[in-house]
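The structure appears right after this line, and notes come after that.
The values are calculated or read from the model by the stated rules, or taken from the named source; none is laboratory data. These figures come from a predicted structure and were not determined experimentally. Here Cβ is always computed from backbone atoms with ideal geometry, including for glycine, and neighbour counts include all displayed protein chains.
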Amino acid sequence: MAEPIIRMESVHKYYALDGVRVHALRGIDLNVMPGEFVAIMGPSGSGKSTLMNIIGCLDVPDSGGYWLSGADVTRMNVDELAGLRNRALGFVFQGFNLLARTSAVENVEVPLLYAGVGRVQRRTRARELLQRVGLGERLNHTPNQLSGGQQQRVALARALVNRPALLLADEPTGNLDSATSVEILDLLTELNQKDGVTVLMITHEPDIATRAQRKLVLRDGTLES
Amino acid sequence: MSALAALQLAVRALWRNKMRALLTALGVIIGVAAVITMVAIGAGAQKRIASQLDSMGTNNLTIRSGSSAHGGVRTGVGTTHTLMLADAEALRELPGVVAVAPNVRSSVQARFRGTNWGTSVDGVTPEFFAVRDWPLAEGELFTAREVALAAPVCVIGQTVVKELFGLTPALGETILFKSLACRVVGVLVAKGASAFGSDQDDVIYAPLTTVQRNLLGITYINGIEVQAANRAAAFSIVPEIKKLIRQRHRLRDDQEDDFRIFNRAELAQTAETSAQVFSWLLGSIASVSLLVGGIGIMNIMLVSVTERTREIGIRMALGARRNDILWQFLLEALILSGAGGVIGILAGMGGAAALAKFSEFQVSVTMWSIIMAFGSALLVGVFFGLHPARKASHLRPIEALRYE
């Protein structure tokens, strides 16, 4: 049997909110296999974002174990985590999180910049990805010259530029109208099915979650399938 | 991330806020320009003092006849008559002595045809002009032989030329003082005012013996100029001279010196030290403005880090390590201070050149001050850029991403 991309064992996470200790994750066990398309649903306040931050190596669990493609994330320092985010993960955020006043192609190049890829290769690879998401004609547009859907495509291209094993999408259609949402979801589905990219998507809309092969529901810090 | 890519990133970020970058760099520009201009003024003053000191002979000692005490009455410097030509000759034997120039002084009313002018007639030997490093404008010096013969010849300074002769050529003419008539054989170049403000050109020099015998009727001398081999020797031979002259004058241990030694080297050293202090003072006042410029950089960089918190969060999420973020902001600070330094150097040199042209200041831009000012500007950039850069690199990615 192949090794899971995500393996989590009884992960707990606490944080302080206005001096009150909140138990955000209460023993999460999760396995995601390569090539899967998993949706995590849950009402707001259920701990979705906290879980996503830990899976995305932006935060570390307070207890429990987390292995990303077999590597023990809990033992890594900040720079090793940064390297992992750079090479193994791709992020798509609800709010796109593109660099303002920076062209689409330069936005897509950012992960390559931190991977130490040379200038010419960076540009070629970024162009390739933007063409792949259908923005080959808008390479030099800055985010404020692009529509929401187009911005999310740029973000998707950026997430894929380093050929990550896992694509994390946090409410990817949350800021988009329904027509554009369908386009983005089609793109995610295509990437998963054609290119074999593992996708983990967080959403609170049930009809969007139907795109996934597997649906999980997070409630009060625990997972229900 | 490669250094070149980091540099491009920093330049682009600054370029997006051109006006802000320029205003931030302005603090450093003014600071560096101030340091360079101020140090140039200081160095100019130092140079001017050095050249004045050189015109006095900085390795020289002057021995003057001293005071005497008779029954409780103590007379002033120059009133004893015990200093002799033979003393001067004896000094030549001391190690470290390069030249010895005995002299006598007198004040006379000099006359030429219908004009007269009150000036001093000093009796010297040809060596005197070497000791003073004083060349002739025209004619020639009197010779040692003319000194031995007490010949009626003289060499005159520019002020005397002007006052006594006007437009008449002085060379070959005869000046009268009292009953003595001296032929002008040489005219000295202008030496200007001394460091003490007296007119060094208002003087007539005649052979020592001529003044002694034919003008004053004395056998003693008033003073001896001693040229030492170098500055250090000027200091070290003072006790030797003292010992030798005391011996020659047969002074008992309980008797005071009947002569005084003035060390010009001492004076030169004092003047040079004070010029140096002046230079340092100007430089350090200017450094304060450089420091203020640095604080300006820190201020703007802190604002910039806060403004770009979200950008930092995005970069971290995409794989930027702490050092990548640190260098991004540190490089921005360094570029600001470095570019400010270069522009400041040009502005400072321009300012110094303008001062030289439009004011009385003598200025001298030194390579040393340029290197120092530019180095300090970079140091200021590192010092004041490090805190904001560290602050940026230690942001937590999730918090930075959430920042609105």
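Key figures
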{"item": "Filter result for the condition that a residue is modelled with pLDDT under 90, of a type in the set (D, E, K, R) and closer than 30 Å to B:F235 by Cα, over B:D133, B:D122", "result": "B:D133"}
{"item": "Scope the stretch B:332-386; condition β-branched (V, I, T) and farther than 22 Å from B:A275 by Cα; matching residues", "result": "B:I335, B:V342, B:I343, B:I345, B:V380, B:V382"}
{"item": "Conditions (1) assigned by TED's automatic domain parsing to the domain that holds B:F374; (2) not in a helix (DSSP H, G or I); number of the one not met by B:R260", "result": "(1)"}
{"item": "Per-region count, the stretch B:311-350, residues within 12 Å of chain A (Cβ to nearest Cβ) and free of Cβ contacts under 8 Å to residues at least 40 places away in the same chain", "result": "5"}
{"item": "Given (1) facing another protein chain (nearest Cβ under 8 Å); (2) closer than 22 Å to A:Q145 by Cβ, number of the condition A:Q94 does not satisfy", "result": "(1)"}
{"item": "Residue check, B:L378 buried (at least 20 other Cβ atoms within 10 Å of the Cβ) and of a type outside the set (S, T, N, Q)", "result": "no"}
{"item": "Selection count where residues are over 30 Å from A:N144 (Cβ atoms) and within 13 Å of chain B (Cβ to nearest Cβ), scope the stretch A:70-86", "result": "8"}
{"item": "Options B:E146, B:E93: the member that is charged (D, E, K, R) and modelled with pLDDT under 90", "result": "B:E93"}
{"item": "Total residues in the stretch A:1-57, condition within 22 Å of B:I398 (Cβ to Cβ), hydrophobic (A, V, I, L, M, F, W, C) and without any contact (Cβ under 8 Å) to a residue 12 or more places away in the chain", "result": "4"}
{"item": "Condition met for B:S68 (modelled with pLDDT under 70 and either surrounded by fewer than 22 Cβ atoms within 10 Å (Cβ to Cβ) or assigned by TED's automatic domain parsing to the domain that holds B:S364 (or both))", "result": "yes"}
{"item": "When residues of the stretch A:102-156 are limited to those that are within 19 Å of A:E183 (Cα to Cα) and of a type in the set (V, I, T), the one nearest to the other protein chains (Cβ to nearest Cβ)", "result": "A:V154"}
{"item": "Scan of the stretch B:388-404 for residues that are within 27 Å of B:T24 (Cα to Cα), under 59 Å from the mean Cα position of the chain (by Cα) and either within 11 Å of chain A (Cβ to nearest Cβ) or surrounded by 16 or more Cβ atoms within 10 Å (Cβ to Cβ) (or both), ordered by number", "result": "B:P388, B:A389, B:K391, B:A392, B:S393, B:H394, B:L395, B:A400"}
{"item": "Residue list for the stretch A:40-69, restricted to those being surrounded by fewer than 16 Cβ atoms within 10 Å (Cβ to Cβ) and within 12 Å of chain B (Cβ to nearest Cβ)", "result": "none"}
{"item": "Selection count where residues are in contact with a helix residue (DSSP H, G or I) (Cβ under 8 Å, 6 or more places away or on another chain) and of a type outside the set (D, E, K, R), scope the stretch B:157-178", "result": "3"}
{"item": "Qualifying positions in the stretch B:118-134 - buried (at least 19 other Cβ atoms within 10 Å of the Cβ) and either over 38 Å from the mean Cα position of the chain (by Cα) or in a strand (DSSP E or B) (or both)", "result": "B:T119, B:V121, B:D122, B:G123, B:V124"}
